[in-house]
1. Return the pairs, sorted by first residue and then second, in which the second residue is acidic (Asp, Glu), the first residue lies in segment 169-197 and is surrounded by fewer than 18 Cβ atoms within 10 Å (Cβ to Cβ), the beta carbons are less than 9 Å apart, and the residues are 6+ apart or on different chains.
2. Which residue out of Val179, Val141 is assigned by TED's automatic domain parsing to the domain that holds Ala126, β-branched (Val, Ile, Thr), in a loop (DSSP other than H, G, I, E, B) and out of contact with any Lys or Arg (no Cβ under 7 Å at 6 or more places or on another chain)?
3. In segment 106-128, is there at least one residue being in a loop (DSSP other than H, G, I, E, B), under 19 Å from Gly175 (Cβ atoms), modelled with pLDDT of 95 or more and assigned by TED's automatic domain parsing to the domain that holds Asp49?
4. Go through segment 21-46 residue by residue and tally those that are out of contact with any Cys (no Cβ under 6 Å at 6 or more places or on another chain), under 11 Å from Tyr156 (Cα atoms) and either among the hydrophobic types (A, V, I, L, M, F, W, C) or modelled with pLDDT under 90 (or both).
5. Please work out which residue is modelled with the lowest pLDDT, limiting yourself to segment 260-281 and to residues that are hydroxyl-bearing (Ser, Thr, Tyr) and surrounded by fewer than 16 Cβ atoms within 10 Å (Cβ to Cβ).
6. Just a yes or no: is a residue in segment 282-290 touching a residue at least 24 places away in the same chain (Cβ under 8 Å) and buried (at least 16 other Cβ atoms within 10 Å of the Cβ)?
7. Does segment 106-123 include one or more residues that are of a type in the set (Val, Ile, Thr), touching a residue at least 60 places away in the same chain (Cβ under 8 Å) and surrounded by 12 or more Cβ atoms within 10 Å (Cβ to Cβ)?
Amino acid sequence: MIRKGILVYIAVLLGITGIFAQVSPDCSNAIPICNNTPVNGGTFGLGTDDFNGVNVSGCLEETLLGTIESNSAWYRFRTGASGQLGFNLGFDTSEDWDFALYKTSDCTTLGDPIRCNFFDNQDESAFIGVGEDPTGNTDNVQYEEWLQVEPGEDYYLLINNFSNNNSGFSIQFSGHIFVTNPFDALDCSIINNLLGPPISACENDVITLDATTINAIDYNWFEDLGSGFQPINGQHNPTLQVTSSAQYRVQVNMPSNNYVISDVNVVFYTNPVANMVSDDAYCNDIDTYDFAVKDIEVLGAQSPSEYIVSYYDSFNDATLGTNSLPKQYGTMGSTETIYVRIASLY
């Protein structure tokens with residue numbers, strides 16, 4: 001009896017994306033981003049009707065409110081390099097989210113979206129977006145084609161909760177552009193904040209916040225753990241080292257009783273643990289291998305709602321998170337070595 005084999009190796013990817021992100025329901029106040037965001041607190045309402053009474057924009061149709069938006073969030077980003085770009089919107093599988101991406105630098109001239117998805121989530125997927133579902137689900141109809149971008153292009157992203165039932169979402173950027181340009185794929189100059197964009201880190205990391213300002217007299221630092229900003233005793237230097245999740249604020253005192261205030265969110269996430277998995281052997285009449293049966297082994301006690309398990313045919317692809325294999329994998333008829341990546345959803 002001929003047997004085929006699956007040898008499984010594990011690549012552990014530290015889950016370092018995300019913090020509790022800000023949400024704006026209006027295009028005019030779209031949140032500028034240049035990296036991944038965490039799951040936010042959710043969207044509630046549409047703010048101002050950004051479409052001025054029009055009830056169709058690309059694939060987006062009228063909601064029960066009679067407007068395109070119902071529970072909306074707007075973001076904007078600018079490309080810093082050329083290449084393949086996508087994104088994943090992650091959320092609870094019981095929720096229904098839609099999106100539209102506009103290539104424009106002005107909310108008053110949105111035009112038609114260049115990528116758009118309005119499918120309901122009857123399949124209970126955990127992601128929608130542009131590019132590829134990070135779980136390897138090639139049948140996810142809530143994904144649109146990759147973008148091919150050039151430096152200096154501006155985009156506005158509308159994310160809308162159609163189901164009026166949501167616990168928030170996260171944004172993770174993807175694509176080969178982050179292989180060729182890992183540090184400047186997106187342009188962070190659009191973020192006008194002294195402390196910079198939101199910061200994510202792994203547990204046990206030490207993050208240095210830098211508020212150095214010319215002619216500053218002194219600095220006051222604060223942290224908000226959920227009940228409002230409180231002074232951090234004894235912290236009056238231009239930099240602050242942090243090791244715990246919070247929203248941080250600095251007040252930079254300037255001459256003539258002037259001051260500058262800047263806030264930044266910092267979140268530390270628990271590193272994922274890849275548990276050992278067994279090799280498999282099976283008869284030659286099995287043409288499709290279901291990688292999902294290995295998810296439980298890799299995750300152990302970790303929640304599948306917090307971590308992504310994906311599969312690759314090379315260690316390099318597993319490290320980069322590119323070219324993931326479908327969960328229903330067509331086998332090659334001989335012994336194969338498969339690499340498993342586990343990463344934080346947020």
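The values are calculated or read from the model by the stated rules, or taken from the named source; none is laboratory data. Keep in mind that this is a model prediction, so the values were computed, not measured. When we count neighbours, we look across all protein chains shown, and the Cβ atoms used for this are built from the backbone with ideal geometry, even at glycine.
1. Final answer for the pair search is Ile190/Asp154; Asn193/Asp263; Leu194/Asp210; Gly196/Asp210.
2. After ruling out the rest, the residue left standing is Val141.
3. Yes: one or more hits.
4. So the answer is 3.
5. Pass one, segment 260-281, residues hydroxyl-bearing (Ser, Thr, Tyr): 262, 269-270, 278.
Right, trim to surrounded by fewer than 16 Cβ atoms within 10 Å (Cβ to Cβ) and you get 270, 278.
Numbers: Thr270: 85, Ser278: 88.
Checking each candidate, the answer is Thr270.
6. Kept after step one, since they are touching a residue at least 24 places away in the same chain (Cβ under 8 Å), are these residues of segment 282-290: 282-284, 286-290.
Narrowing further to those that are buried (at least 16 other Cβ atoms within 10 Å of the Cβ): 289.
The answer is yes, given that some residue of segment 282-290 is touching a residue at least 24 places away in the same chain (Cβ under 8 Å) and buried (at least 16 other Cβ atoms within 10 Å of the Cβ).
7. No; the residues of segment 106-123 include none that is of a type in the set (Val, Ile, Thr), touching a residue at least 60 places away in the same chain (Cβ under 8 Å) and surrounded by 12 or more Cβ atoms within 10 Å (Cβ to Cβ).
Let's see how each residue does on (1) small (Gly, Ala, Ser); (2) surrounded by fewer than 17 Cβ atoms within 10 Å (Cβ to Cβ); (3) over 16 Å from the mean Cα position of the chain (by Cα):
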| site | (1), (2), (3) |
| --- | --- |
| Ser200 | yes, no, no |
| His236 | no, yes, yes |
| Val242 | no, no, yes |
| Tyr248 | no, no, yes |
